[in-house]
Amino acid sequence: MFEQVKNPMFVKIIQERLFQSFMQPVIDSATGEPVGYEFLLRPNSKLFPFSPGDLFSFSQRSGLQSMLDSQARINAIRTGAHMLENGIKRFINFLPSSIYDPRHCLQSTFKAVKEYGVRADDLVFEVVETEKIEDINHLQFIFDEYKKAGVHVALDDVGSGHATLEVLQKLKPDYAKIDRSLVDHCDQHPEKLAYIKKLKEAAAAQGTLLLAEGIERPEEYEALKPIVDLVQGYYFGRPLMKPA
């Protein structure tokens, strides 16, 4: 409660939903064509600016995390329904710790999917990059509930920290995003490419598509193109209000 008193502007942003979803393209590495977009939270008014990281950190400290996480998902679903055609994947982040009971906490998300007429098969719910995977069984429970609803799931930061190769094989997500530290200047580091190839083999064996994010240089793209299924990063486009 003290945090809410300390920063009333963040409380206002969350409670009044003073944010919008920007979209960054996800590219088919073979064709170079966009097959989806990741939705990223951004301010919708210059009067109420914020850093997404700061806003989510505040929400965790102030007890507003579940509210913000749910509202951000619904905002992304609504934006995608208005901006994108059927068949285009929508990568939407979520915080596992904000979903204490998936059967209850995801009801508003699934309601929005029906309300806005979005095809479940076009949705990819992705473990947010700042979230530590501490309870694998809980995350598996969430993944199972999403899959029951016909949507896809993605694991972020694979190959580093908590998202290890073993976690990838246990959770069996539909998509796996390679940790950015492996992507950065991978063309100059054979050991990085060797490990990414190992991840690709493990992913392919269980039907998981491998996505390399954080690509900023053409050399990185050329090195990764024959290995991964999908790519993303500033080299292909920055997050925008509308698809380019």
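Values in this text are rule-based calculations from the coordinates and carry no lab data. Predicted model only: the values in this text are computed from it and were never measured. Note that we place each Cβ from the backbone using ideal geometry, even for glycine, and neighbour counts take in every protein chain shown.
Structure data summary
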quantity	calculated
Members of segment 132-161 found to be β-branched (Val, Ile, Thr) and within 16 Å of the chain's Cα centre (by Cα), listed by number	Ile133, Ile142, Val151, Val153, Val158
Complete set of residues in segment 58-82 that are more than 23 Å from Leu240 (Cβ to Cβ), of a type in the set (Gly, Ala, Ser) and touching a residue at least 40 places away in the same chain (Cβ under 8 Å)	Ser59, Ser62, Gly63
Residue count for segment 1-34, restricted to those that are part of a strand (DSSP E or B) and either free of Cβ contacts under 8 Å to residues at least 60 places away in the same chain or surrounded by fewer than 16 Cβ atoms within 10 Å (Cβ to Cβ) (or both)	3
Condition met for Tyr100 (buried (at least 19 other Cβ atoms within 10 Å of the Cβ) and over 18 Å from Leu40 (Cα atoms))	no
Filter result for Ala81 (over 16 Å from the mean Cα position of the chain (by Cα) and either closer than 26 Å to Gln107 by Cα or surrounded by fewer than 20 Cβ atoms within 10 Å (Cβ to Cβ) (or both))	yes
Qualifying residue in segment 41-48 (condition: surrounded by 18 or more Cβ atoms within 10 Å (Cβ to Cβ) and either touching a residue at least 60 places away in the same chain (Cβ under 8 Å) or not aromatic (Phe, Trp, Tyr) (or both))	yes
Qualifying residue in segment 168-179 (condition: free of Cβ contacts under 8 Å to residues at least 24 places away in the same chain, in contact with a Ser or Thr (Cβ under 8 Å, 6 or more places away or on another chain) and small (Gly, Ala, Ser))	no
